[in-house]
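Below you'll find the structure, written out as structure tokens, and then a few comments.
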Amino acid sequence: MAETQEFTLRAMAENYSEGHQWDHLDSEACVKAADEIKQLRAARAEKRKKASYVGVPAIFELQMACHVLVKAYRASIYHVGSSLERPDWRDVDLAMILDDEAFQREFPNAPLHSAGWELDPKWLVLTVALSKWLSEKSGVLVDFKFQPRTFANERHAGPRNPIGRYIALKPSEEDSTDDL
């Protein structure tokens, strides 16, 4: 019955306005009520968008572990991929995006403008080791990768949430990220 109220009200407004003891105000009231029902249903059906579908404490563990990496590499890590968008994610995708020069210094034998760096031995060892370490720290499967900034910006337009950074009321010298 509740599902048909909106449509019943609209039918009443259309069909009973002529020849019954209704006037245009009765029809308007029915249309307004039907519109309100429609809006309330839409609001109820709309899912609340979350910042991340990774639960607590895993996201906190990732935050703390990524903080160590941010400080070590002086670069930004971003939470990307399906765990930002839906509850049925398989793994947590994390990308450390290095400026192109820093990426080239870290992985001198890796090509800069193609995903061919995935065949670079150093890139592979670090990526696999850090993925495993982050997975162990957080208790969730993590896919960690290094990417050069130009490539990441050109190829990946999806949402990115920074992870591993803290806001301090009185930052210390060692926490400074002004040169990033």
TODO: Those residues that are open to solvent by 90 Å² or more (accessible area, probe 1.4 Å) and either outside any helix (DSSP H, G or I) or not hydrophobic (A, V, I, L, M, F, W, C) (or both), I need them from region 123-140; list them, please.
DONE: K132, E136, K137
- [ ] Quick one: count up the residues across region 133-150 that are in contact with a strand residue (DSSP E or B) (Cβ under 8 Å, 6 or more places away or on another chain) and of a type outside the set (A, V, I, L, M).
- [x] 9
Task: Single condition V92 does not satisfy, out of (1) at pLDDT 95 or above; (2) open to solvent by less than 10 Å² (accessible area, probe 1.4 Å); (3) over 13 Å from the mean Cα position of the chain (by Cα) - done: (3)
Task: Filter result for A51 (out of contact with any Gly (no Cβ under 9 Å at 6 or more places or on another chain) and either under 30 Å from W89 (Cα atoms) or at pLDDT below 65 (or both)) - done: yes
Open item on the list: Kindly evaluate V92 against the criterion of being under 25 Å from S52 (Cα atoms), among the β-branched types (V, I, T) and out of contact with any Lys or Arg (no Cβ under 9 Å at 6 or more places or on another chain).
Closed with: yes
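The values are calculated or read from the model by the stated rules, or taken from the named source; none is laboratory data. What you are looking at is a predicted structure, and each value in this text was computed from that prediction instead of being measured. Every residue, glycine among them, receives a Cβ derived from its backbone with ideal geometry; neighbour counts consider all protein chains shown. All accessible areas refer to the heavy atoms of the entire protein, side chains included, with ligands and DNA or RNA removed. Shrake-Rupley method; radii C 1.70, N 1.55, O 1.52, S 1.80 Å.
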